[in-house]
Amino acid sequence: MAGAATTKKFRSQEWFDNPDNPGMTALYLERYLNFGLTREELQSGKPLIGIAQTGSDLSPCNRHHVELAKRVREGIVAAGGIPFEFPCHPIQETGKRPTASLDRNLGYLSLVEVLYGYPLDGVVLTIGCDKTTPALLMAAATVNIPAIALSVGPMLNGWHKGKRTGSGTIVWESRQRLSSGEIDYDEFMTIVASSAPSVGYCNTMGTATTMNSLAEALGMQLPGSAAIPAPYRERGQISYETGKRIVEMVYDDLKPSDIMTREAFENAIVVNSAIGGSTNAPIHLNAIARHLGVPLDNDDWQRLGHHVPLIVNLQPAGDYLGEDYHHAGGVPAVIAELMKAGMLPHPGAVTANGKSIGDNCAGVENLNEAVIWPVSAPLKEHAGFINLKGNLFDSAIMKTSVISKEFRDRYLSNPDDPDAFEGVAKVFDGPEDYHARIDDPAENIDENTLLFMRGAGPVGYPGGAEVVNMQPPAYLIKKGIHSLPCIGDGRQSGTSGTPSILNASPEAAVGGGLAILKSGDRVRIDLNKGTADMLVDDAEIARRREALQQDGGYHFPAHQTPWQEIQRGMVDQLAQGMVLRPAVKYQRIAQT
Ligand code: FES
Ligand code: MG
């Protein structure tokens, strides 16, 4: 590296070593000297490496990055770089009101400004909690300086009375037990707290494990990095290796656009099905792709992903948790299983370590076949998403890997029509409306009801709420009916095992078909044809559209903050990645 340093001029030298403009150079230099750096360091042509720090007391899932960053810094210095750690906008999935997803694009915007506007030659992206991963990858995509991601790692497995308790999933399960009177409030709280035994992100295959696994499948992390639990020694070690590697990437000029190609996204879609990944993944990967100018849509997710089997036995689709996933071999072992079956579409895609994903993963041993099953004998065949369309919406995603036996027996058991079901709509306008009415016997909700949630998309909520997975009324749960089909223009937590139809785009708030659906309408869902329709005739649809327009469109709650208003004015729909429309045209901006 030392030899290369004397020949290569880095971006940071435009700030610190510009002989044509000594005044500006001095101005830039003097303030970065004031914490002890020397002129020799800043003007010797060493690459300056940012550490985009997402951990803080407000972001407990990522907080361990504050410790890990010390190892990253040591790696950067060992490889001949200079570390510059800086804070990112905090995003905490479960703590941020009204929803953390409102802040994904804010985190993206602020990181774009930092990476573009400061003297950074490369960056380590500290990822973890759900929205931090896409926010940081989206920003790296837009700016396109060399970047590598580092997961904080999942929490240790949760345990209660000898059983694994997994993040989020245990909340959905225990809430039902609380509703039915099986446990009291204290036991409910104890069980839920047991699922979070250490630093790290959610230990289930929720959105966090999904997005961290996909960051590795995309090639943006070192092999094996996604699954190492946060407190393990290997987590510190891979932090050091990540720091070393980003310096080399800067010398090699290996940029996000070289790694996150169309081929890499196709690999990630296949891996997502194999791991039983979250329905939030299409939103975020479609967004990252748009910021790179790579074409990607929900039809790609169905075409490339639906036939792929589920092989990772993690909650909510399976039994195990994050530590087990790591001990079985993590993402490299999953990819090795897919490669053995010839199912990884692009083994030649380059990754952050400079090698192809195929070279990194081929032959990696699956160390526990109870956790990572072989492709030849999977947990479920055809485990990817279906992209549904019809007069209710242009696109909505259904995660088929979580369709339970109870659900299949009740809704998909007609031998003449095994992939379709019909029901009567019960429409809720946002989560408050749902909570107010769901248990009211006058609503007449029974096993033939399809629960609809609207007003929960990126404009309606705002940011898109994780509220589509709706629990049936308590009186139905007591009768043994644990889930009703749920459909909506919002999202669902990746830790939920409900086979909902989600992310409906366009949402009601921008005039999608859900805006004119009425309680009592019959609705037909056909998973084979990929259709979702209200069985309402065209003349009535036209009448309702007219009435909606007369009424000034679908009504949604007022803005509460400046950002809510700004984002609502320019945000795209969930199927299109929920990106800020004006941001998409700014691509690879560090080179211009
Ligand atoms: Fe942060 Fe799940 S809430 S990772
Ligand atoms: Mg979430």
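The values are calculated or read from the model by the stated rules, or taken from the named source; none is laboratory data. Note that the structure is a prediction, hence the values are computed from the model and not measured. Please note: Cβ atoms are built from the backbone with ideal geometry, for glycine as well, and neighbour counts cover all protein chains shown.
What pairs come out if I take residues in region 123-137 that are assigned to a strand (DSSP E or B) and pair them with residues that are of a type in the set (Ser, Thr, Tyr) and within 9 Å of ligand 1 (Cβ to nearest atom) whose C-beta lies under 8 Å away, six or more apart or interchain? Within 8 Å, the pairs are THR126/THR132.
Residues of region 340-361 being small (Gly, Ala, Ser) and either over 18 Å from SER225 (Cβ atoms) or touching a Ser or Thr at 6+ places or on another chain (Cβ under 7 Å) (or both), which ones? Scanning region 340-361 gives ALA341, GLY342, GLY348, ALA349. For region 61-87, taking the residues that are among the basic types (Lys, Arg) and more than 16 Å from ligand 1 (Cβ to nearest atom), the one that is farthest from ILE566 (Cα to Cα) is identified as ARG71.
Yes or no, residue by residue, for (1) surrounded by 22 or more Cβ atoms within 10 Å (Cβ to Cβ); (2) outside any helix (DSSP H, G or I); (3) out of contact with any Gly (no Cβ under 7 Å at 6 or more places or on another chain):
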position	(1), (2), (3)
ARG290	yes, no, no
ASP299	no, no, yes
LEU338	yes, no, yes
ALA352	yes, yes, no
GLY358	no, no, no
GLU365	no, yes, no
ASN368	no, yes, yes
PRO378	no, yes, yes
ASN387	yes, yes, no
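Considering only residues in region 412-436 that are buried (at least 16 other Cβ atoms within 10 Å of the Cβ), of a type outside the set (A, V, I, L, M) and touching an Asp or Glu at 6+ places or on another chain (Cβ under 9 Å), the one that is nearest to PRO462 (Cα to Cα) turns out to be LYS426. Filter region 194-215 down to the residues that are outside any loop (DSSP other than H, G, I, E, B) and more than 14 Å from ligand 2 (Cβ to nearest atom), then identify the one that is nearest to PRO154 (Cα to Cα). So the residue we want is SER213. Name the residues in region 451-470 that are away from ligand 2 (no atom under 13 Å from the Cβ) and assigned to a loop (DSSP other than H, G, I, E, B), would you? Residues satisfying the conditions are GLY455, ALA456, GLY457, PRO458, VAL459, GLY460, TYR461, PRO462, MET470.
Checking each residue in region 178-193 for being of a type outside the set (Phe, Trp, Tyr), outside any loop (DSSP other than H, G, I, E, B) and exposed (fewer than 11 other Cβ atoms within 10 Å of the Cβ) picks out only ASP186. Among the residues of region 100-115, those that are more than 16 Å from ligand 2 (Cβ to nearest atom) and more than 21 Å from ARG73 (Cα to Cα) comprise LEU106, TYR108, LEU109, SER110, VAL112, GLU113.
Residue-wise test of (1) more than 21 Å from MET570 (Cβ to Cβ); (2) of a type in the set (Gly, Ala, Ser); (3) away from ligand 2 (no atom under 16 Å from the Cβ); (4) crowded, with 22+ Cβ neighbours inside 10 Å.
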{"site": "VAL66", "(1), (2), (3), (4)": "yes, no, yes, no"}
{"site": "PRO98", "(1), (2), (3), (4)": "no, no, no, no"}
{"site": "ASP121", "(1), (2), (3), (4)": "yes, no, yes, yes"}
{"site": "THR126", "(1), (2), (3), (4)": "yes, no, yes, yes"}
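For GLY224, the test of being surrounded by fewer than 23 Cβ atoms within 10 Å (Cβ to Cβ) and at positive phi is passed. Taking region 1-87 and the helices (runs of 4 or more DSSP H) fully enclosed by it, the elements with 2 or more residues that are under 36 Å from the mean Cα position of the chain (by Cα) and more than 30 Å from GLY200 (Cα to Cα) are at 13-16.
Restricting ARG568, ARG581, ARG543 to those that are free of Cβ contacts under 8 Å to residues at least 24 places away in the same chain and either in contact with a strand residue (DSSP E or B) (Cβ under 8 Å, 6 or more places away or on another chain) or within 21 Å of ASN503 (Cα to Cα) (or both) reduces the list to ARG581. Consider region 88-122 and keep the residues that are part of a helix (DSSP H, G or I) and of a type in the set (Ser, Thr, Tyr). The one that is farthest from ligand 1 (Cβ to nearest atom) is TYR116. When THR94 is tested against (1) touching a strand residue (DSSP E or B) at 6+ places or on another chain (Cβ under 8 Å); (2) over 17 Å from MET138 (Cα atoms), just one condition goes unmet, and that condition is (1). Taking the listed residues GLU173, GLU248, the one that is in a helix (DSSP H, G or I) and either within 16 Å of ligand 2 (Cβ to nearest atom) or at pLDDT 95 or above (or both) is GLU248, with no other qualifying. Of everything listed in (1) more than 14 Å from ILE525 (Cα to Cα); (2) at pLDDT below 95; (3) among the acidic types (Asp, Glu); (4) more than 24 Å from the chain's Cα centre (by Cα), the single unmet condition for GLU381 is (4).
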